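Any read-out appearing in this document is the output of simple, stated calculations on the displayed coordinates, not a laboratory observation. Small disclaimer: the values here were computed from a predicted structure and weren't measured. No Cβ is skipped: glycine too gets one built from the backbone with ideal geometry, and neighbour counts run over all protein chains shown.
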Amino acid sequence: MYTIFFTHKNYFLKLLLCCTFFICSILNGQEVLKNFEIQYSKLAPNTPERFEIAGKYAQALFFNDQQEKAFKILNQNIQLAEQKSDGKYAAYLYAVLAMNHRLENNLNESKQSLQKAKQYSNQTTDQETKGYVSYCEGWLNVRNNEESKAVKNFIDAAKYYEKSPNSATILGRLSSVYKELTSIYANWDDYELQEKYSKLSLEVAIKQNNPNIIFDAYMVMGYLYEQQFTLNQKNIYLRDLSEKYYLQAINTYNKNKTEILVPSNLSFVANNLADLYLRFYPKIYREKALYYAELAKDISLKTNQAAHLASSYGLMAEIALEKNDNKTAKSYLLNSLKIINESALNDQQTILSIYESLSNVNEKEGNFTEALRYYKMYISTYKSIYDQEKIQFSKRLEAQFEKERHQQQMVRLQLESEKKEQQIQLMHSLGVLQKQELTNTKLSEEFQRKKLILSQLESDKRAQELTISKQDLKLSQLENKSRNLDLVHYIKELNYKNKINKYYIILIVFFILLLLFLFYFLKQRTKSMKQREDLYNLELEKERQNSKISTLTALLDGQELERARLARDLHDGLGGLLSGTKIQLTHLNDKINEQVKPDLDKSIHQLDGAVDELRRVAHNLMPDLLIKYGLEEALKEYAIRMSNDQLDVDVQFLSYTNSLNKETQLFVYRIIQELVNNAIKHANASQIIIQFVEDFSYSITVEDDGKGFDVNDLKLTQSAGLHNIQSRVEFLKGTLNIHSELNLGTSIEFQFPKI
């Protein structure tokens, strides 16, 4: 079975890389080239304006097969720019020169020009120029298969651009950076970062209000959600998001045909949308798939895009094979193969799929010789692709290894930092301990010194005793005794002081511990009181909410009872009266003359209109279908009733089990009814889509293509309708999200849990 999926994806990555080169507007051909030439000739040489337009003029020349003249313009202006004190102009022109050399496969010249650009970038404070040089380096690294380095370059470029004043040029260059990052992360299968930069690219595109960039952004978002859906095909929401963005891209193209610079992109989006319908939607969508495949074919023929045309034929062949129309399918496949072989693209994945499908078709037709020939060609092509994939896989592994190595280095450095911090804390504790030991040593030394003095005194005393007379012996003994007493007293005093010091230390430690304990106790007490206060406030708020819900329940029940009464009175009373009047007038129709008869017929017709309007009002007050058959049938009937020549109302139910009780169904019906009425009254919408999704919870979305509004200016309390909707959603314990943009429509989503 022929599938074009891999062909689309590979080509899409290439498209992302190509679209971000320089400025998209240079692709407009000779007209743009002529405008740049006129601007360039009017500006005086050696001026900032001349340098700025020189880079753009050189780019336009390069893409219109005038490479020699482009290099001449760049080199002339570089010589003048190098004489400026500010290096911004030389840096910018060298960056353009580096990318042009790379496209010519002059790798050495490209590298030298990049070094010059970085050199002059260091000689300026202009953030935009620094960002452009970083972007240039990243662009070159991507094309040199060094995507890890390119990511750093692009992130640096984005930081420089964010520091620069906002302008159309800055936004355009930011968009280029985001597209490059989207492409890299798509190659790495990092869908989280791919989604991040895809959304950033869309935000920048909307700010620019440039249909070309908006078209590209929608195309990127559609492709992103298609990728995510292929990984999780149970999430139908991702598939529908992909369809939504592809359709928005096509609508943007149709509204701005004269402004779109690359018309061939429409065939790319149409092919992808056709492929999405063919592979992931029910068979009822085959006509849509065929429509968009044929649209892609027509655009491809007009724009001479061989790869897109081959893809279109492939999709049309697959649809024909499903219908067992082998002859038509074979014709499409042969046309596709011929186009691919004649083009310079020569995409191997597409050729592989074509060979496989041609082999299967010939086998079904009994042409086994041709089937075997195409199968051999399939095997040969597969081996070639397998060898290329092995090379690409090794490059991805290398990039992944480099990324993980950097992460491991960061973890190791963090661990070493924590280890050093612990060592510092340990050294601090040891220092305190050593200080205490030093103090104790000094006290011990002081005691030993005084003890030595006492010993010296004793020695002097003994010496004196040898020389004194016997008459003074008694007096000397008394003095010696007195001294001994003093010594004993001194020793006791010293010991007492030591004890006192120990008691002081113990007492200080005790008080510190006591203070810490009291502080901890107060902290816990404060925390406990705060928790009690929070619990009390929570209970109080709960009671308030219960009271509010009870009041709202009573109010809504009263409203519904009054609506039911009014509906019965209108239907049984006034409706019966009008019907009886019509019957009487009908009986009189045969008894009156021909002159009065037209007026009577007109009156009967007006009574019919009044009866229909009465029934519509009564049904809005109390939908009988909801009571009898449930929410799904009631909403489908409501959509049909509200649709007319100027308005299309569509209802979609996904995975709905009809498990809601009647009260909740009525609540949901009233909310949707109010939202639709608001869209009709205020948005001037031509299409309204109601989507009901049941999963782990219930999610309802009402989306219109009307004029939209500024959500920041919306005040729910001042809008009775929205306040009523908010109250009903709160009763269901759900949430309400409003998203609207001027001229892009409004999407209101409310969710509530399953009970």
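Points to keep in mind about this one:
- Histogram of C-alpha separations across segment 628-753, 10 Å bin width, %: 12, 47, 34, 7, 0
- Modelled spin-label separation between E104 and Y281, with each label point placed 7 Å from Cα along the Cα-to-Cβ direction: 4.8 nm.
- Highest mean first, the peptides 297-305, 483-491 sorted by other C-beta atoms within 10 Å per residue fall in the order 297-305, 483-491.
- Each part reduced to its alpha carbon centroid, segment 265-290 and segment 107-156 end up 40 Å apart.
- Gain on full stretching of the segment that runs from L518 to N235 - 0.36 nm per residue minus C-alpha separation: 96.2 nm
- Its relative contact order, with pairs defined as Cα atoms under 8 Å and 6+ residues apart, puts segment 628-753 at 23 percent.
- Compared with the direct C-alpha span, the chain from E37 to L654 gains 216.4 nm at full extension, assuming 0.36 nm per residue.
- Basic side chains Lys and Arg get +1 at the Cβ, acidic Asp and Glu get -1 at the Cβ, and with that the dipole of segment 206-260 about its Cα centre reaches some 100 debye.
- Using a simple spin-label model with pseudo-atoms 7 Å out from Cα toward Cβ, D189 and N254 lie 3.7 nm apart.
- In plain terms, the chain from K163 to E541 could stretch by 131.5 nm, reckoned as 0.36 nm per residue minus the Cα-Cα distance.
- Cross-link pairs exceeding 30 Å between alpha carbons, from the set K116/K149; K42/K69; K288/K754; K196/K681: K288/K754; K196/K681.
- Checking the Cα-Cα distances for K297/K330; K255/K707; K34/K255; K234/K323 against a 19 Å cut-off, the pairs over it are K34/K255; K234/K323.
- Taken about its Cα centre, segment 628-753 carries a charge dipole of about 480 debye when Lys and Arg each add +1 at the Cβ and Asp and Glu each add -1 at the Cβ.
- Residue-wise HN-Hα coupling along segment 301-314, computed from phi with Karplus coefficients 6.51, -1.76, 1.60 (Hz; x: Gly, Pro): 5, 5, 9, 6, 9, 5, 4, 5, 5, 4, 4, 4, 4, x
- Surrounding net charge for N326, when Lys and Arg each add one and Asp and Glu each subtract one, Cβ distance under 9 Å: +1
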